[in-house]
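Data first, discussion second: the structure below is written as structure tokens.
The values are calculated or read from the model by the stated rules, or taken from the named source; none is laboratory data. Everything numeric in this text was worked out from a predicted model, so none of it was measured. In this analysis, Cβ positions are derived from the backbone assuming ideal geometry, glycine residues included, and neighbour counts consider all displayed protein chains. When the accessible area is computed, the model is the full protein with side chains, heavy atoms only, and any ligands, DNA or RNA have been set aside. Shrake-Rupley method; radii C 1.70, N 1.55, O 1.52, S 1.80 Å.
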Amino acid sequence: MAERSTYAELHQRSLADREAYWAEQAQRIEWHTPFTRVCNNDNPPFTRWFEGGTTNLCHNAVDRHVATRGDQNALVWVSTEVGQERAYSYRELQAEVMGMAAILQAQGVKQGDRVLIYMPMIPEAVFAMLACTRIGAVHSVVFGGFASVSLASRIEDAEPVMVVSADAGSRAGKVVPYKPLLDEALKLSAHKVPQVLMVNRGLAPMPMTEGRDLDYTALREQHRGAQVPVVWLDSTAISYTIYTSGTTGRPKGVQRDTGGYAVALAASMEQIFLGQPGETYFSTSDIGWVVGHSYIVYGPLLHGMATILYEGLPIRGMNGEPDAAIWWSLVEKYKVTAMFSAPTAVRVLKKQDPAALKKHDLSSLRALFLAGEPLDEPTASWISGALGVPIIDNYWQTESGWPILTIANGVERKESRFGSPGIAMPGYDVKLLDEQTGEELTQPHQKGVVVIEGPLPPGFMQTVWRDDARFVNTYWKSVPGKMVYSTFDWGIRDEEGYYFILGRTDDVINVAGHRLGTREIEESLSSHAAVAEVAVVGVADQLKGQVAMAFAVLKDTARAATPEGALQLEGELMKVVESQLGAVARPARVRFVTALPKTRSGKMLRRVIQAVCEGREAGDLTTIEDPSTVQQIKDLVAVR
Ligand code: AMP
């Protein structure tokens, strides 16, 4: 197999001999019908992988393993929020998934129908995802931390035939009722959802709407023991959509295929994540994010591993007591070999008693993988010293579905470099281009836009859900004269191909590893009657990487004329964002100004605002129509 070659050879082959390389990787999964064409790129940028082949994600993630490892743990649920822990073997997981699939089918859900999943981190969420892929329904998981307006816009775009939800989530022991947010979203949405399947955890009241809402517990009982065969799907059939933020206020539905995704994840589990079948994988992400899709649910299960689904904070124990060692206790208990988290979580742990890391036997752990935001050197050094295992930074996006840049230690051991997520992964032809001219930057240490030359590898998004034009215009036309996929990240590369990511080229911000569009937050703030205009920027933060800062111009300046008035209005505006978008999107501060920095042609200078907030030079101010606007912001941020 190609794995015996050096990584450089393998990567080279994955590009130069693309078809042979991926045909080989495709043997990692089971096909019902073999594919007849590996890569169809006749109509770029719409690449179709493994055409002619039929397969099924759920079959490969669950059924395939029942014969050989039926009694082995598949899904381990640990909730420090409600103090519960439950393990499902592959056989039990299959039964649960078939039960859920039977409910969906009995309610008329068919292949191609969308099912929107708005759930906390409970096993039923995973059952619902796998039940959808089992019967060919397209799932669209919406992060449970989003509130009614965010949820409504996603419901409108996905047009689901069913929503699966639960009475409540829980955060730091505080119940967060989901049903009122969901009911509000269903009311706001122009698309009317005919059926809502509700899981009752007994945490919050769950008022049911007659004729629309269904109780999972009762239906599950009805379908106990149900046998639901998998539906064999074309490799290119849509498995799911997941919404992500971009430059506009309207989130994009990232659409993924079936066969390509399964192959890419299966390969990544061994080449990148060093996992072996029968071992345990622990990703601390949430199923509402792409990491949760790829590396809580599908990746580990495709590879025959047990996966831990963790509901709770990293610093709270099973009885609600402070416990900074909770994750490490799970590593010991379940002999976790690969763990995946985000730099923000590590920064939280770093503030705790260092003894927490010495309490448990962590000898099973091979590596800790961190992604989602830049990994700063102090955080990386601290955790590496504390754990004594390699810390593997990996860079990717919702769009890619699996790492673009990292180190494939499963192919060949290579050193990691602080500050760099690593080198290009198999199938990724990564380049740096000059933003203005589109010219490729071939010299080391030149700063450019990180782009990927098509065809994109398996697992990458197929298109924007129901909007091919948006896919092409957003991602493939941003660099002049070149049809390449833009990541919208700045980067540089050193002599040996290690990339360094320097932040986004667009208005996307990254708060504690959560990707947010500043435009969505601006739109939400603008919905308050007092606001005339508002700018939101991402500002560097020691703990969260970035936080959102808002600067608003009021219709009536009298409202913020006194410090008390300003504080009250700031609180009101934060509540608006919290109730519409969710607490994750709430700005750290909302400050009031009489005007915002703009060019003479009226373009808002968000980068100037950001620079001022971060105490950097704001650059050339001659393009600004009214330089006093910059001074106002300087004065405000000077008094924190
Ligand atoms: P998301 O789609 O939520 O995964 O966010 C993707 C964005 O997060 C990327 O475009 C980067 O801006 C940032 N990002 C993700 N992983 C890393 C990393 N390892 N280093 C630096 N930035 C990252």
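Below is a table of values for the structure above.
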| item | result |
| --- | --- |
| Residues being more than 16 Å from the ligand (Cβ to nearest atom) and in contact (Cβ under 8 Å) with a residue 12 or more places away in the chain - total across the stretch 324-350 | 17 |
| Among residues of the stretch 279-308, those that are away from the ligand (no atom under 15 Å from the Cβ) and of a type outside the set (Gly, Ala, Ser), counted | 13 |
| Qualifying residue in the stretch 546-560 (condition: assigned to a strand (DSSP E or B) and closer than 25 Å to residue 405 by Cβ) | yes |
| Pairs with Cβ under 6 Å, 6+ apart, first in the stretch 167-183 and among the charged types (D, E, K, R), second at pLDDT 95 or above and assigned to a helix (DSSP H, G or I) | 167/179 |
| Hey, residue 269 over 20 Å from residue 464 (Cβ atoms), touching a strand residue (DSSP E or B) at 6+ places or on another chain (Cβ under 6 Å) and surrounded by 20 or more Cβ atoms within 10 Å (Cβ to Cβ) or not | no |
| Test: residue 121 is open to solvent by less than 30 Å² (accessible area, probe 1.4 Å), in a helix (DSSP H, G or I) and either touching a Ser or Thr at 6+ places or on another chain (Cβ under 8 Å) or at pLDDT 95 or above (or both) | no |
| Qualifying residue in the stretch 353-362 (condition: within 13 Å of residue 272 (Cα to Cα) and either surrounded by 19 or more Cβ atoms within 10 Å (Cβ to Cβ) or more than 9 Å from the ligand (Cβ to nearest atom) (or both)) | no |
| Matching residues in the stretch 504-527 - criterion: being among the charged types (D, E, K, R), in contact (Cβ under 8 Å) with a residue 40 or more places away in the chain and not in a helix (DSSP H, G or I) | 506, 507, 515 |
| The stretch 373-383, residues that are open to solvent by 40 Å² or more (accessible area, probe 1.4 Å) and either within 13 Å of the ligand (Cβ to nearest atom) or of a type in the set (Gly, Ala, Ser) (or both) | 374, 376, 377, 381 |
| Evaluation of residue 276 against (1) assigned to a loop (DSSP other than H, G, I, E, B); (2) at negative phi; (3) at pLDDT 95 or above; (4) open to solvent by less than 10 Å² (accessible area, probe 1.4 Å) (one fails), failing number | (4) |
| Subset tally (residues that are within 16 Å of the ligand (Cβ to nearest atom) and crowded, with 17+ Cβ neighbours inside 10 Å) for the stretch 446-461 | 9 |
| Yes/no for residue 438 being open to solvent by less than 10 Å² (accessible area, probe 1.4 Å), assigned to a loop (DSSP other than H, G, I, E, B) and away from the ligand (no atom under 12 Å from the Cβ) | yes |
| Filtered residues of the stretch 1-49 (kept if open to solvent by less than 20 Å² (accessible area, probe 1.4 Å) and at pLDDT below 95) | 2 |
| Among residues of the stretch 352-384, those that are of a type in the set (Lys, Arg) and touching a residue at least 24 places away in the same chain (Cβ under 8 Å), counted | 2 |
| Leading residue by the ranking (most open to solvent (accessible area, probe 1.4 Å)) among those in the stretch 578-598 that are closer than 13 Å to residue 531 by Cα and without any contact (Cβ under 8 Å) to a residue 60 or more places away in the chain | 594 |
| Residue match in the stretch 474-494 (condition: under 16 Å from residue 406 (Cα atoms) and surrounded by fewer than 17 Cβ atoms within 10 Å (Cβ to Cβ)) | yes |
| Inter-residue pairs, beta-carbon under 9 Å, first within 11 Å of residue 254 (Cα to Cα) and more than 7 Å from the ligand (Cβ to nearest atom) and in the stretch 396-412, second open to solvent by 10 Å² or more (accessible area, probe 1.4 Å) and not in a loop (DSSP other than H, G, I, E, B), 6+ apart | 400/290; 401/290 |
| Residue 573 vs. criteria outside any helix (DSSP H, G or I) and open to solvent by less than 20 Å² (accessible area, probe 1.4 Å) | no |
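Okay, residues lined up against (1) open to solvent by 10 Å² or more (accessible area, probe 1.4 Å); (2) in contact with a Phe, Trp or Tyr (Cβ under 6 Å, 6 or more places away or on another chain); (3) of a type outside the set (Gly, Ala, Ser):
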{"position": "57", "(1), (2), (3)": "no, no, yes"}
{"position": "65", "(1), (2), (3)": "yes, yes, yes"}
{"position": "75", "(1), (2), (3)": "no, yes, yes"}
{"position": "98", "(1), (2), (3)": "yes, no, yes"}
{"position": "104", "(1), (2), (3)": "no, no, yes"}
{"position": "128", "(1), (2), (3)": "no, no, no"}
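Quick grid of which residues meet (1) modelled with pLDDT of 90 or more; (2) buried (at least 16 other Cβ atoms within 10 Å of the Cβ); (3) of a type in the set (Phe, Trp, Tyr):
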| site | (1), (2), (3) |
| --- | --- |
| 519 | yes, yes, no |
| 539 | yes, yes, no |
| 567 | yes, no, no |
| 624 | no, yes, no |
